[in-house]
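Remarks on the structure that follows.
What follows is calculated from the coordinates using simple rules that are stated; it is not laboratory data. Remember, predicted model here, so these are calculated numbers, not experimental data. Don't worry about glycine lacking a Cβ; one is built from the backbone with ideal geometry, like all the others, and counts go over all protein chains shown.
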Amino acid sequence: MPTTTVTHVIFDMDGLLLDTEKFYTMVQENILAKHGKTFDWSLKAKMMGKKAIEAARVFIQETGLTDIMTPEGFLIEREAMLRDLFPTSELMPGVETLIKHLHANKVPICIATGTQKFHFGLKTQKHKEIFSFMHHIVTGDDPEVKNGKPSPDIFLAAANRFEGGGSIHPTKFLVFEDAPSGVAAAKNAGMWAVMVPDPRLDVSHHKGADQVLNSLTDFNPADWGLPPFPRPFINIPSI
Ligand SMILES: O=P(O)(O)OC[C@@H](O)CO
Ligand SMILES: [Mg+2]
């Protein structure tokens, strides 16, 4: 991991801030089971992080369902199942502590997520305080995001929306991601990428990340020149 100092942080959301990838997996398994097919992590690795329609095209192509359903039809079926699940989304471990710490130390933070704006609202409704600390949110259906991850579009748009964003060098941005497409997008944008992958994702998909963590609870801000977590207060009784 390079010794560098970053000044701004961009968070991915699904699978990184919110424990939502399990919903996509479960629903996609259900849809494939109806056609006698199984969903596996090699397909998941190709879909996660992408814009919905781009992920749908991969799903239909890779599972051989092109004669049975269209990507658009798959999304309609998937969304009907996801709609009730999204509002139950929980934060991943370490998220609240890290976001509150960065916000308290005035580190500019934002979100760049492949999910569409409407789903963003459903997924975050239980966590309004935490998401209120974000300077801005860029969603996959934003007009500036012409191509989804691994294209750099969404991270470049997110960087530009900070105060003075357009003149900040990309290496001042630290991106947190869970998906191979997201890490590739961050690197394509010239930024640093900390990957927090699902343990079921093959390690071959970790390449390109500048740091790989098992959990955000293992992140040390000082490694990146960010304000360190306060030292644990040890109350040593006076002798
Ligand atoms: O970019 P994120 O927030 O991971 O969203 C991706 C989502 O569309 C599901 O994979
Ligand atoms: Mg993600």
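Rg over Rh for segment 81-213 works out to 0.94, both radii taken from alpha-carbon positions and Rh defined as the Kirkwood radius. Arranged from fewest to most other beta-carbon atoms within 10 Å of their beta carbon, K149, K126 become K126, K149. Under a model in which nothing but the beta-carbon of Lys, Arg (+1) and Asp, Glu (-1) is charged, segment 20-88 shows a dipole of about 140 debye around its Cα centre.
Arranged from fewest to most other beta-carbon atoms within 10 Å of their beta carbon, H127, H35, H119 become H35, H127, H119. Considering only L213, I111, V58, the residue lying farthest towards the positive end of the dipole of the chain is I111, judged by Cα position with unit charges set on Cβ.
With unit charges on the beta carbon (Lys/Arg positive, Asp/Glu negative), name the residue among V175, M191, I99 whose Cα is farthest towards the positive pole of the charge dipole of segment 89-211. Of the candidates, I99 comes out farthest on the positive side.
From helices alone, the chain scores -10000 deg cm²/dmol at 222 nm; the rule is -39500 (n - 2.57) for each run of n ≥ 4 DSSP H residues, then divide by the residue total.
What is the chain's relative contact order, in percent, from Cα pairs under 8 angstrom and six or more apart in sequence?
26
Beyond 18 Å, what share of the Cα-Cα pairs of segment 20-88 is found? Please give it as a whole percent. Of all Cα-Cα distances in segment 20-88, 28 percent exceed 18 Å. Pairs exceeding 25 Å between alpha-carbon atoms, taken from K22/K207; K146/K187; K37/K123; K46/K126; K37/K207; K100/K146: K37/K123; K46/K126; K37/K207; K100/K146.
In plain terms, the chain from I168 to N235 could stretch by 19.9 nm, reckoned as 0.36 nm per residue minus the Cα-Cα distance. Only the Cβ atoms of Lys and Arg (+1) and of Asp and Glu (-1) were treated as charged; on that basis the dipole of the chain about its Cα centre amounts to roughly 280 debye.
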